[in-house]
1. Checking the structure you have, find out if any residue of the stretch 40-57 is within 30 Å of LYS87 (Cβ to Cβ), assigned to a helix (DSSP H, G or I) and in contact (Cβ under 8 Å) with a residue 24 or more places away in the chain.
2. Please work out which one of (1) polar (S, T, N, Q); (2) surrounded by 10 or more Cβ atoms within 10 Å (Cβ to Cβ); (3) modelled with pLDDT under 90 is the condition SER48 fails and give its number.
3. Which one of the conditions (1) surrounded by 11 or more Cβ atoms within 10 Å (Cβ to Cβ); (2) at pLDDT below 85 does LEU3 fail to meet, given that it meets all the rest?
Amino acid sequence: MILDQVLLYKKSESKSFKDAQSSEKPLRSVIKALSWRVVGTLDTLIVSYLLTGEIALATSIASIDFTTKLLLYFFHERIWNKIKWGK
């Protein structure tokens with residue numbers, strides 16, 4: 001009886017792990033995209049400033065970069081979440 005409960009628990013646990021592994025909620029993709037873009041935008045800001053020597057221009061470049069790459073990353077993640085290969 002205890003063995004049956006353990007096996008049942010492991011079976012239900014592995015199913016939920018499999019479900020979690022194969023799917024990601026959109027909010028998680030948004031948070032991941034935002035956190036990565038903060039890192040990437042800081043990099044773009046620094047590089048742009050080093051190349052131009054103008055903080056206003058560097059900030060403009062970093063702002064545009066942040067917006068476009070945030071959107072691209074979000075859709076990239078959502079598309080890859082639908083692909084079954086490698087899961």
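The values are calculated or read from the model by the stated rules, or taken from the named source; none is laboratory data. What you see is a predicted model, and the numbers here were worked out from it, not measured in a lab. Please note: Cβ atoms are built from the backbone with ideal geometry, for glycine as well, and neighbour counts cover all protein chains shown.
1. Within the stretch 40-57 (the criterion being within 30 Å of LYS87 (Cβ to Cβ), assigned to a helix (DSSP H, G or I) and in contact (Cβ under 8 Å) with a residue 24 or more places away in the chain), the answer is yes, since at least one residue qualifies.
2. Among (1) polar (S, T, N, Q); (2) surrounded by 10 or more Cβ atoms within 10 Å (Cβ to Cβ); (3) modelled with pLDDT under 90, the lone unmet condition for SER48 is (3).
3. Failing condition for LEU3: (1).
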